[in-house]
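Undergrad: Have a look at this one.
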Amino acid sequence: MRAAFYTLGCKVNQTETEAVSGMFRAAGHDIVSFDEKADVYVINTCTVTNMGDRKSRQIIRRAAKTNPDAIVVVMGCYAQVAPGEVIGIPGVDLVVGTRDRGRILELIDEVRDSITPVNLVQDIWQGAAFEELPIIEAESRVRATLKIEEGCNQFCTYCIIPFARGPVRSRDPEKALAEAEKLVEAGYREIVLTGIHTGAYGVDLGIDLNYLVSRMAKLPGLKRLRISSVESVEFTPGLIETIAKNPTVCHHLHIPLQSGCNRVLARMNRPYTTGDFAAVVSKIRSKIPEVAITTDVIVGFPGEDEHDHQESLEFAKSIGFAGIHVFKYSARSGTPAAGYPDQVEPEVKEERSGDFLALARESWKSYASQFLGRKLEVLAEHSVEGQQWEGHTGNYLRVRFDDSRNLRGSLVNVKLEKLGRDFVQGLLD
């Protein structure tokens, strides 16, 4: 059987698609390009914005058009929150949402001879346990993503994800550690811990993220452990201490801000003020002075006026982020914010986005400049432009350096020499 996969949305979706495609591969099926004629198409959908819904529908229709006789399977967040819409798209055979991904091969056999499409989406709030998916092993042996958590209990007013992913469910720590050991044995140099709300790991198990990080950081042979996005309110003294004292844990922390204006944060239902956020950053930097702190910011949230925007901009500037991901607010049907008055005009969002993108460039330059002339360890990931290699430092600076050898997966010392547009040019030691 020939199977093709398409992923929309976040890194967690990508991780889950890789796990499911690994199941097909392990069962002896061939994985082909999504543009090729396949027997099965699996689309992992996104619903963060209405645009994500629309793009998901387009991809589903594309699969059905490429091979009308194929089985089309739809999973992911859009399938979970709108199974009725998905099942109504001509050509769809099976809808599973964000549960039962591990049973897709079995379910395909069950629906193969079905005359009508089958909707197996369940109430996500009844999902009591973390869904174990197979270990992911790619050929690169460079960086592996390890999903440790599912779901979110936060209910920000702009976000549909809790309704698509359900409540927090944490992976059993022993299973997470066992998978990490397998990844290290397979040759992976870096493991990235990820989840829908990674910092909430363990709240349902009576433990916390530090419990897992402190144990995983001690795994023999693991060179780097990176933690994905963690909310400011989830940095306990213990977690900060573990990151500071263990050289295996990368000194790069992604801490979402979303807005530097307290009035906007309150309307977003974010669980902190700018003062709280700044205090956490100060505590982290007191223990890890050169840590890279990156963030997310949403511009143009309903009701955000120019004063709010400038306040947010100035606060972000005062923090001195190493990187800023900028998002223009997009109304998502089914969320409270979509019905808020004073929606911001698109051209204003564009202008405010430009302000933050300019700040992001200057902030990155300021952070990266302090490492010029110094040697940092770089994980070589892929070649670019012939005889150049590109990779990341532990604090997530993207570095390029010249070398004609195959260094993929190697940890090498590179002297950082000059700034490029969004990378640092270096010289291999």
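The values are calculated or read from the model by the stated rules, or taken from the named source; none is laboratory data. Bear in mind that the values here come from a model prediction, so they are computed numbers and not experimental data. With ideal geometry, Cβ positions are generated from the backbone for all residues, glycine too; neighbour counts draw on all protein chains shown. Remember, those area values only see protein heavy atoms, side chains included, never the ligands or the DNA or RNA. Shrake-Rupley method; radii C 1.70, N 1.55, O 1.52, S 1.80 Å.
Undergrad: Can you tell me how many residues in segment 211-235 are open to solvent by 30 Å² or more (accessible area, probe 1.4 Å) and either over 22 Å from the mean Cα position of the chain (by Cα) or among the hydrophobic types (A, V, I, L, M, F, W, C) (or both)?
TA: 5
Undergrad: Would a scan of segment 185-200 turn up a residue that is more than 30 Å from T45 (Cα to Cα), of a type in the set (A, V, I, L, M) and without any contact (Cβ under 8 Å) to a residue 60 or more places away in the chain?
TA: Checked against the condition, which is being more than 30 Å from T45 (Cα to Cα), of a type in the set (A, V, I, L, M) and without any contact (Cβ under 8 Å) to a residue 60 or more places away in the chain, segment 185-200 yields no hits at all.
Undergrad: Taking interchain pairs and intrachain pairs at least six residues apart, which have beta carbon atoms under 6 angstrom, with the first residue in segment 85-98 and assigned to a loop (DSSP other than H, G, I, E, B) and the second charged (D, E, K, R)?
TA: T98/R165
Undergrad: Something else: Of all the residues that make up segment 407-427, how many are touching a residue at least 12 places away in the same chain (Cβ under 8 Å) and assigned to a loop (DSSP other than H, G, I, E, B)?
TA: Selection size over segment 407-427: 7.
Undergrad: Looking at (1) in contact with a helix residue (DSSP H, G or I) (Cβ under 7 Å, 6 or more places away or on another chain); (2) open to solvent by less than 20 Å² (accessible area, probe 1.4 Å), can you tell me which one M268 breaks?
TA: (1) is the only condition that M268 fails.
Undergrad: Can you tell me which residue within segment 379-406, out of those that are open to solvent by less than 70 Å² (accessible area, probe 1.4 Å) and in a loop (DSSP other than H, G, I, E, B), is nearest to G221 (Cα to Cα)?
TA: My answer is G394.
Undergrad: If you don't mind, there's one more thing I want to ask. Report the residue count in segment 162-182 for those that are crowded, with 22+ Cβ neighbours inside 10 Å and either of a type in the set (V, I, T) or in contact with a Lys or Arg (Cβ under 8 Å, 6 or more places away or on another chain) (or both).
TA: 2
Undergrad: Another one. Which condition number does E417 fail, the rest of (1) acidic (D, E); (2) under 30 Å from S318 (Cβ atoms); (3) buried (at least 16 other Cβ atoms within 10 Å of the Cβ) being met?
TA: Unmet condition: (3).
Undergrad: Can you say whether I31 is open to solvent by less than 60 Å² (accessible area, probe 1.4 Å) and either in contact with a helix residue (DSSP H, G or I) (Cβ under 7 Å, 6 or more places away or on another chain) or among the small types (G, A, S) (or both), as far as the supplied structure shows?
TA: It is false that I31 is open to solvent by less than 60 Å² (accessible area, probe 1.4 Å) and either in contact with a helix residue (DSSP H, G or I) (Cβ under 7 Å, 6 or more places away or on another chain) or among the small types (G, A, S) (or both).
Undergrad: Report yes if some residue within segment 295-305 is open to solvent by 10 Å² or more (accessible area, probe 1.4 Å), under 25 Å from H392 (Cβ atoms), at pLDDT 95 or above and of a type in the set (A, V, I, L, M, F, W, C); otherwise report no.
TA: No: segment 295-305 contains no residue that is open to solvent by 10 Å² or more (accessible area, probe 1.4 Å), under 25 Å from H392 (Cβ atoms), at pLDDT 95 or above and of a type in the set (A, V, I, L, M, F, W, C).
Undergrad: If I go through segment 306-318 residue by residue, how many of them are surrounded by 20 or more Cβ atoms within 10 Å (Cβ to Cβ) and within 23 Å of L397 (Cα to Cα)?
TA: Selection size over segment 306-318: 1.
Undergrad: With respect to G275, determine if the residue is within 30 Å of K418 (Cα to Cα), loosely packed, with under 13 Cβ neighbours inside 10 Å and either of a type outside the set (F, W, Y) or modelled with pLDDT under 95 (or both).
TA: In short, no.
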